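Reviewing the structure listed below.
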Amino acid sequence: MIVRVLMVLMCCSFSVHANRVQERVLANGLKVLVKEEHRSPVVVSQIWYKVGSSYEPSGITGISHMLEHMMFKGTDSHPAGEFSEIIAANGGRENAFTGRDYTAYFQALEKSRLAISFELEADRMQHLHLLAAELTKELQVVMEERRMRTEDKPRAKLQEYLMAMAYSNSPYRNPVIGWPADIENYRIDDLQRWYQQWYAPNNAILIVVGDVHAEKVFKLAEQYFGAIPAREIAVLKPQTEVPQVGVRRMTIKLPAKVPYILMAYKVSSLKTVGQEWEAYALDVLATVLDGGESARLPARLQRGQQLASSVGAGYDLGGRLEELFMFEATPIKGKSLLDMEIALKTEIRALQRKVISAEELARVKAQVMANSIYEQDSLFYQAMKLGMAETVGLGWQTAEQYREKINQVTAEQVRLVADKYLVESQLSIAYLEPQTMSENTQQGVKHAH
């Protein structure tokens, strides 16, 4: 990781240049990152707050997501709905998203309109109106969102149950949107406290990518955000997951068309790993297994043995806390979930026992590199990578170093992480068994720890 030296002059630090990203920190603690991309007269502005579902205590799960909705409900200067109307009137688009470790708001505008975005975001950073009537309306919206994304989707429901089983005490066990009982019982006071606790310039990162000049953006940021006072931000207590000592299993019976299996192994993230190469090797391992049509899982289990109608694997190295390495599959008609589990474990054992060939490693790396380069075409995604790295505490430089670190991974390192992490003692398995509606009301969920 690059060591940064920030030279202080008057109220701000000077910019640090690395791969065209420039940084300045205002006196109130707001970090501003600018990446100049002059290909088209467009700018993306994102403001990230270091708070998400993993910060939430029991009883108010999902409150970060709820507050994200309420951030569009008006301030002293702009009544509910006006924020979006102003952006639309200026030819832009805007939205927001909440994750486990962050909440972010963004606008995409013609470059001369950047000040509009800054004025609106600075306003709602300090002057949000949280009204009971608006909360009542928005509660219905969030409950409907939960119903559409989770309750009515058997695979999403299975994943929610699996996360709650796989993690014992990590806050990653809770869904980002929150548990239904918590959502139904939010109060304005809960939201007000959450807003006051986390929405401050010294807990935020402002990221601008597009056809701009960094110095002008820094001056604009100082103009709109510089006077907002910093607040004392609570230091999170350690949230280290307790060791798992054996396989955890679950069978869920829900109305569904086809059976489905999820397997999750506890693994380190880049933030929690002892040796950073392991996280990058896990990322390469995921691509070996599920990186396009020529990857091992689709090539062998779908087209080769014809066991699965769909199969995949995935890993996100960017979490603030311990992560999961996930496998998913749907067996073809006539094959069971146990058949699928055995086949997936067979592929894992093959990777643990024999290093992948130089040719396979080169192909996988080329694909990872190509995907990373293609993503540079999106101003939004460029900004998002910087924001995700910053909010989990890795630093934006990590996002800029990704391709270099992937290129350094060896075939033996891929085998070593498969052997270290994809082990039975770290495994949680969930089966989805399709049921008719009448059967489902009688069955429910079976656990076996």
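Every number in this text was worked out from the coordinates using simple rules, so none of it is lab data. It should be emphasised that the depicted structure is a prediction, and the values quoted were computed from it without experimental measurement. Note that each Cβ is placed from the backbone with ideal geometry, even for glycine, and that neighbours are counted across all protein chains shown.
Give the cross-link partners of K271 among the lysines, using a straight C-alpha distance below 30 Å as the criterion and excluding same-chain residues fewer than 8 apart.
In chain and number order, the partners are K31, K35, K50, K157, K237, K345, K354, K365, K385, K405, K420.
Just to be sure I understand, if you calculate semi-axes √(5λ) of the Cα gyration tensor in Å for this structure, which of [x] 39, 29, 19; [y] 62, 22, 19; [z] 41, 23, 20 do you get?
[x]
So, with +1 on the Cβ of K and R and -1 on the Cβ of D and E, and no other charges, what is the size of the charge dipole of the chain about its Cα centre, to the nearest 20 debye?
1140 debye
Report the local net charge at S112: Lys and Arg +1, Asp and Glu -1, summed over other residues whose C-beta lies under 12 Å from its C-beta.
+1
Enumerate by residue number the trypsin sites (Lys or Arg not before Pro) in the range 272-336 meeting two conditions: DSSP loop (anything except H, G, I, E, B), and at most 16 other Cβ atoms within 10 Å of the site's Cβ.
K333
Could you let me know the centre-to-centre spacing of the range 286-338 and the range 166-245, using Cα atoms, in angstrom?
33 Å
How do K365, K237, K271 line up, fewest other C-beta atoms within 10 Å first?
K237, K365, K271
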